[in-house]
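One structure below.
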Amino acid sequence: MSGSPLQQIAIVGAYNTPQAKQLQSNEIDVLLNAVQGALHSAGMRIAEVDGFNVTSSTQRFTSRQSVMLFGARPGWTGSDIGIPAIIEAALAINAGLCETAIIATAQVSAHRERKKTAPWTRPTNEFVECWGLFTPAEFALMARRHMHLYGTTEEQFAEIAATIRNNGARHPAACHYGKFVTPQDVLNSRMIAEPFRLLDCAMTSEGGAALILTSAARARDLDVQPVYLLGGGTDKQGMAYVTAPVWDKYGDVGRRAAKQTFSQAGLHPTDVDVLEIYDPFSFEIIRQLEVFGFCSLGEGGDFVMEGHLRMDGRFPMVTNGGLMSFSHAGLAQLIQKPISAVQQLRGEYPEELTVKDAKVALTSNGGSGALFTDVLLLGTEVPS
Amino acid sequence: MANDVIPLPRPTALSEPHWNGCREGILRVQQCQRCKTCVFIPQPCCTHCQSNDLNWLDCSGKGKVYSHTTVHRAPRPQFEVPYVVAIIELEEGWHMLSNVLGCPVEDVHVNMPVCVEFREITDEITLPYFVPTR
């Protein structure tokens with residue numbers, strides 16, 4: 001099969017720095033730790049890297065600066081974030097602009113004013129800010145409409161949040177390691193923006209992450225299990241947090257991205273072994289299951305209650321605990337979805353979090369309240 | 001729920017007619033003169049046909065709740081909880097964000113009929129809130 005050009009590219013290194021509610025380290029040190037960790041994971045040296053997308057949000061450290069820091073060698077620099085940064089780097093490698101690219105980012109000290117919610121949750125647009133809107137409310141407006149149309153329930157949200165959090169409770173590197181919760185605990189937690197309670201929402205934390213991509217040809221020379229890009233797509237529907245998140249307009253964001261992704265890979269949702277999908281709020285899992293094609297529109301809630309998303313289910317999801325339990329560190333969390341997929345497919349997780357014989361992982365970024373959803377499918381083999 | 005320290009809009013050349021309308025007690029939205037689409041938030045051209053022939057339409061201020069959330073953890077301490085953030089679907093077929101006031105928060109529901117109620121916050125800014133239609 002001709003296949004997507006993405007399939008000629010593999011992720012060979014993936015690493016998360018220590019994550020915590022608050023780190024004592026300096027953000028650039030965390031960033032450098034992320035870079036070194038990913039290089040170690042790939043068995044490569046920095047001199048072998050000629051593509052850079054290495055940034056930190058709080059310190060405003062850019063990829064051009066990182067090229068200088070790593071010896072001022074001529075190099076390709078990327079400019080996107082999250083999954084689109086991976087696609088951008090893959091296409092740059094594919095076009096011969098570089099052979100090996102590193103994507104790394106870190107966030108420390110962005111949220112220390114605890115009387116307010118995290119700064120990135122508070123939009124400043126003139127048609128949003130005065131109504132006391134913030135990220136949980138944006139996503140809640142989507143969830144409420146879905147509940148109205150399809151009878152989706154808070155008990156279904158609680159099942160999702162508990163499943164994700166209990167994965168994180170078993171993951172030694174998760175910020176909330178050891179913190180098991182029941183669906184009833186989720187329902188008993190304090191209300192944030194109805195229908196979302198505290199435990200339906202992502203946490204805030206600090207940390208860094210990095211991954212390394214190279215050509216499949218180069219990957220074969222390395223002493224690591226490559227994880228191939230099987231397909232990917234992006235779906236942007238305008239600026240996030242400046243206008244009303246109207247379900248009828250934006251509720252299916254990501255459908256196009258998933259369709260493109262599966263089409264490139266020649267695969268279907270039933271071929272997926274594990275879902276490392278975006279979990280900013282419990283409801284967003286239901287929405288993605290529907291628009292990605294794992295179930296029909298309106299059936300996501302029932303699908304969840306059938307237990308498919310648990311570790312022993314057909315589609316285990318967010319196996320490291322995700323944004324709710326593992327970490328939610330600025331832009332790092334965007335690449336932490338593919339990183340989790342790589343670590344899962346390489347069999348690096350504790351046994352009780354390992355999906356047996358997993359070969360294909362679906363990852364995503366974004367969400368309905370943010371009006372974008374990007375999708376990336378990863379696998380241990382390129383489809384023939 | 002509003003007081004003088006919540007973050008207030010800073011009107012731009014594009015949005016000024018909307019905010020001036022609020023001060024005059026009229027809810028205004030851009031309307032495309034070619035395809036009649038109502039455009040909100042304010043834009044330099046129609047989001048349906050890209051015509052730049054947009055006029056400001058005076059609206060009835062009547063609509064219904066499209067979706068809603070009651071906020072219990074405010075993004076800033078200046079907002080007094082609980083309060084209702086809602087998407088209002090206006091009679092003219094467009095949507096805007098606002099707060100629903102004038103009833104207990106638990107009474108707000110999807111499709112609830114509401115109408116605009118202007119509240120002067122400062123000399124420059126009057127905000128368009130919504131209350132249940134009596």
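Okay, here's what the table says:
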{"quantity": "Local electrostatic count, A:A95, Cβ distance below 14 Å [Lys/Arg +1, Asp/Glu -1]", "calculated": "-3"}
{"quantity": "Backbone N under 19 Å from the A:H268 label point (7 Å along Cα→Cβ), restricted to the range A:314-354", "calculated": "A:314-316"}
{"quantity": "For the range A:285-380, the spread of Cα positions along each principal axis, largest first, Å", "calculated": "35, 31, 24"}
{"quantity": "Separation of alpha-carbon centers, the range A:164-226 and the range B:22-79, rounded to whole Å", "calculated": "37 Å"}
{"quantity": "Segments A:92-102, A:318-328 sorted - mean Cβ within 10 Å per residue, highest first", "calculated": "A:318-328, A:92-102"}
{"quantity": "Selection from B:V71, A:V355, A:I46, by position along the positive dipole direction of the protein assembly as shown (Cβ)", "calculated": "A:I46"}
{"quantity": "Computed label-point distance, nm, for sites A:M305 and B:E24 using a 7 Å Cα→Cβ extension", "calculated": "5.3 nm"}
{"quantity": "Projected label distance in nm at A:K236 and B:S51, using a 7 Å step from Cα toward the beta-carbon", "calculated": "2.8 nm"}
{"quantity": "Cβ-derived FRET efficiency at R0 51 Å, A:M68 paired with B:K36, nearest 0.05", "calculated": "0.40"}
{"quantity": "Karplus-derived 3J(HN,Hα), 6.51/-1.76/1.60, for each residue of the range B:14-27, Hz, glycine and proline x", "calculated": "6, 9, 3, x, 5, 6, 4, x, 4, 5, 8, x, 10, 8"}
{"quantity": "Most positive-pole-ward Cα, B:T47, B:Y83, B:L127, against dipole of the range B:16-132 from beta carbon charges", "calculated": "B:T47"}
{"quantity": "Semi-axis lengths (Å, descending) of the ellipsoid that matches the C-alpha gyration tensor of the range A:121-198", "calculated": "26, 18, 10"}
{"quantity": "Test item: B:83-89 mean partner chain Cβ contacts at 10 Å", "calculated": "5"}
{"quantity": "Rg over Rh, two decimals, the range A:291-347 (C-alpha only, Kirkwood Rh)", "calculated": "1.02"}
{"quantity": "26 Å Cα-Cα threshold exceeded, pairs from A:K115/A:K236; A:K21/A:K337; A:K259/B:K64; A:K236/B:K64; A:K337/A:K359", "calculated": "A:K115/A:K236; A:K259/B:K64; A:K236/B:K64"}
{"quantity": "Fully extended contour minus Cα-Cα distance, from A:N125 to A:D248, at 0.36 nm per residue", "calculated": "42.1 nm"}
{"quantity": "Pairwise FRET efficiency - A:K359 versus B:D107, Cβ, R0 = 51 Å, nearest 0.05", "calculated": "0.50"}
{"quantity": "Average other protein chain Cβ within 10 Å of Cβ, residues A:179-188", "calculated": "0"}
{"quantity": "Label point distance in nm, B:K62-A:K115, each placed 7 Å from Cα along Cα→Cβ", "calculated": "4.4 nm"}
{"quantity": "Leading residue at positive end of dipole, the protein assembly as shown (Cβ point charges), from B:P113, B:T37, A:A210", "calculated": "A:A210"}
{"quantity": "Expected-Rg normalisation [2.2 N^0.38 Å, Cα atoms] applied to the range A:11-77", "calculated": "1.12"}
{"quantity": "Per-residue mean of C-beta atoms belonging to partner chains within 10 Å, peptide A:135-146", "calculated": "5"}
{"quantity": "Reference-scaled alpha-carbon Rg (2.2 N^0.38 Å with N residues) for the range B:30-134", "calculated": "1.19"}
{"quantity": "Rounded to 5, the percent of DSSP beta bridges in chain B classed as antiparallel", "calculated": "95 percent"}
{"quantity": "Karplus 3J(HN,Hα) series, Hz, for the range A:259-275 with 6.51 cos²θ - 1.76 cosθ + 1.60 (x for Gly, Pro)", "calculated": "4, 4, 4, 5, 5, 4, 7, x, 10, 10, x, 5, 7, 7, 9, 8, 10"}
{"quantity": "Exposure proxy order (Cβ contacts within 10 Å, fewest to most) of B:F40, A:F180", "calculated": "A:F180, B:F40"}
{"quantity": "Cα point-scatterer Debye curve for chain A, base-10 log of I(q)/I(0) at q = 0.08, 0.10, 0.14 Å⁻¹", "calculated": "-0.36, -0.58, -1.20"}
{"quantity": "Nearest 10 degrees, 0 to 90: helix A:135-150 Cα axis against chain A principal axis", "calculated": "60 degrees"}
{"quantity": "Lys, Arg +1 and Asp, Glu -1 on Cβ, resulting dipole of the protein assembly as shown about Cα centre, debye, nearest 20", "calculated": "560 debye"}
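Read-outs throughout are calculated quantities, based only on the coordinates presented, and are distinct from any laboratory measurement. Bear in mind the structure is a predicted one, so any value in this text is a computation, not a measurement. No Cβ is skipped: glycine too gets one built from the backbone with ideal geometry, and neighbour counts run over all protein chains shown.
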